[in-house]
Amino acid sequence: RAVADRADLISDWAMHGDRLYLLSAKGASNRQLLSVPLADPDLAKARVEVAESPEIVLVGFAIARDGLYLRQMIEGRARIVRRPWRGGRDTTLALPFEGWIPGLASDDLADGVTFALQGWTRPSTIYAVRGTTVVPTGLATTSSADYSNIQVDQVVVTSPDGARVPLSILRRKDLVLDGSHPTYLYGYGAYGASQTPGFNPSRLAWLERGGIAAIAHVRGGGEKGRAWQDTGTREHKLSGIRDFIACGEYLIAQKYTTASRLVAMGASMGGILVGRAVMERPDLFAAASIGAGIVNPIRILLAENGANQKVELGDPTTEAGYRSIATIDPYLHVRPNTKYPALIFTVGLNDHRVAPWMTAKLAARIQRATSSKQPILVRVETSAGHGIGSTADQYAAERADVWSVFLAITGDPAFALKP
């Protein structure tokens, strides 16, 4: 007997006792947990076990012998809630540190759950729940990257329309906030992809040198739920771009950095975010990097993978779609005789996901239009594609080149450009 079909938007299910539990997004964009009796599994008569929250995303759940475990997301960070089967209040479990949990492992014949937790400064570590206590299992990913002197500032930035945008800032604990630090601001803002805390050993090279890394959780991503995604998608995509600009302004206002030391980073669909932000506010950034970026979306249907982007961007063959995409197209907003910051574009010639010719067009147009003396560079990897299949050496070499440009432009004497 069929219990649900695609229209019911069921993403997970499990059984306990005489009931079937289902995670559903139908009529609940941040998801709700339903249950039906196994003897008569009629969704029209489902019981709501966990109602949708406007602020908290119900990402998943697990069933164990002692209770129901909920995996939630709040502004991109994970939370686990335990609900005992035999009554009692929900308990939010105290995690060892703030971070992200990709899933819960459980056995309905045993108590508790097991999960991996990683943070911006902590590699993935396996924990188990015993009652309402989280305990280490002794299993963990190891890394030689020592983040003990790095702290994370989790702040909220107010966008021009009042939206509250989460911003994660990584920096050395001993840094004085005097505006002297090179700072990169990264953003993506598309497809509901959440920029959840993740441990990146290579980032330490930037931080140890006194740099600051900031991740903007702009609209278009999923950090605050489906509504956060929808208000940064298609005709609303400018919202995410304004969020990104607001985050840059915040970093300057709070003396993390200055406009002469603030750089922007984005890739793929994030090319629209960073490219359009730079076109809108070239005075806000000293430099920017766009990797394999969609930077001429008005021509997206001429690209090999273009039709797949209609859900995110809209349809440029319609009047409404053309007008909305034109407002976010970086190429269309290049202005002559404008002092653009330094730019380094990176592409792989075997990229079948985002056409490299978009990068070539935008770079050539900015080279002709800029009135500054800052370099407009294109880094070409002949044996790479969109980056997903790149080797560790290719990834490291590209990151080194991009960061070298950033350090040169922001005044690090060890990276000064030769005349």
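A few points about this structure:
- Residue (of Tyr340, Ala277, Ala7) at the positive-pole extreme of the chain, dipole from beta-carbon charges: Tyr340
- Rounded to 10°, Cα long-axis angle of helix 270-280 versus longest principal axis of the chain: 50 degrees
- Extent along principal axes [Cα atoms of the stretch 150-415; Å; largest to smallest]: 53, 41, 39
- Within the stretch 235-292, trypsin sites (Lys or Arg not before Pro) in DSSP loop having at most 16 other beta-carbon neighbours inside 10 Å: Lys255
- Rounded to the nearest 20 debye, the dipole size of the chain about its Cα centre is 680 debye, using +1 on the Cβ of Lys and Arg and -1 on the Cβ of Asp and Glu.
- Folded to 0 to 90 degrees: helix 319-328 orientation relative to the chain principal axis, Cα: 70 degrees
- Sequence-ordered 3J(HN,Hα) estimates for the stretch 281-286 from the Karplus curve with 6.51, -1.76 and 1.60 and θ = phi - 60° stand at 10, x, 6, 7, 10, 7 Hz, glycine and proline given as x.
- Note on the chain: with a GNM built from Cα contacts shorter than 10 Å, the maximum mean-square fluctuation among Thr125, Thr346, Thr133 falls on Thr133.
- CD proxy at 222 nm, helix term only [per DSSP H run n ≥ 4: -39500 (n - 2.57); per residue of the chain; nearest 500]: -6000 deg cm²/dmol
- Whole-Å distance, taken between Cα centres, linking the stretch 60-94 and the stretch 117-163: 18 Å
- Peptides 294-302, 367-375, ordered by how many other C-beta atoms sit within 10 Å of their residues on average, highest first, read 294-302, 367-375.
- Assigned charges on the beta-carbon of Lys, Arg, Asp, Glu; the stretch 6-140 dipole about Cα centre (debye): 200 debye
Values in this text are rule-based calculations from the coordinates and carry no lab data. Bear in mind that the values here come from a model prediction, so they are computed numbers and not experimental data. As a convention, Cβ positions derive from the backbone with ideal geometry for all residues, glycine included, and neighbour counts pool all protein chains shown.
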